[in-house]
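Here is the structure we will look at.
Where a number appears in this text, it was derived from the coordinates with a stated rule and is not lab data. Owing to the predicted nature of the structure, the values given are computational and were not obtained by experimental measurement. Cβ placement follows ideal geometry from the backbone for every residue including glycine, while neighbour counts extend to all protein chains displayed.
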Amino acid sequence: MFIVVEGVDGCGKTTLAEFLLENIDNAILMKEDTRWLEEMKHFPEIADMLFEEFCRERIEYSEFVNDLTKAGFTVISDRFYPSTVCYQFTNCDKYDCKKLLKIFKKYYHQWKKPDLILIPSTPFP
């Protein structure tokens with residue numbers, strides 16, 4: 001089983017993911033590498049190249065998750081592609097979102113789809 005915990009910063013994603021890890025047998029907790037996305041903020045002029053590299057790496061991440069689930073592990077991921085959609089495509093004032101969407105569509109079908117996505121809710125002030 002592949003479980004993804006999503007949500008805004010500070011909503012308890014990591015706490016929930018760690019709780020699941022402690023309470024599910026044969027579970028593994030993973031957190032995807034987001035350095036490419038951070039670099040996009042600093043170098044918006046090459047955001048499309050950085051995003052493409054991030055998407056390629058996500059294929060490797062997906063293959064690794066697939067291997068683990070086939071071996072009988074439950075993989076819990078602290079964020080995955082839903083966050084990408086929410087965060088990268090809300091910065092269209094900084095990036096060419098049409099290019100990013102084209103890249104996203106190119107790779108999306110190659111990513112492992114979660115069996116379950118959990119989104120902790122939190123009251124906003």
**Asked** What lysines could a cross-link reach from Lys113, if we take a straight Cα to Cα line under 16 Å and drop same-chain neighbours fewer than 8 places away?
**Response** Lys31, Lys70, Lys105
**Request:** Measure nothing but the geometry: give the 0 to 90° angle between the long axis through the Cα atoms of 97-108 and the longest principal axis through the Cα atoms of the chain, rounded to 10°.
**Result:** 40
**Fill in**
Label model pair Cys97, Asp115: point-to-point distance (7 angstrom along the Cα→beta-carbon line) in nm is 3.4
**Request:** In debye, nearest 20, what is the charge dipole magnitude of the chain about its Cα centre with +1 on Lys and Arg Cβ and -1 on Asp and Glu Cβ, if you could check?
**Result:** 480
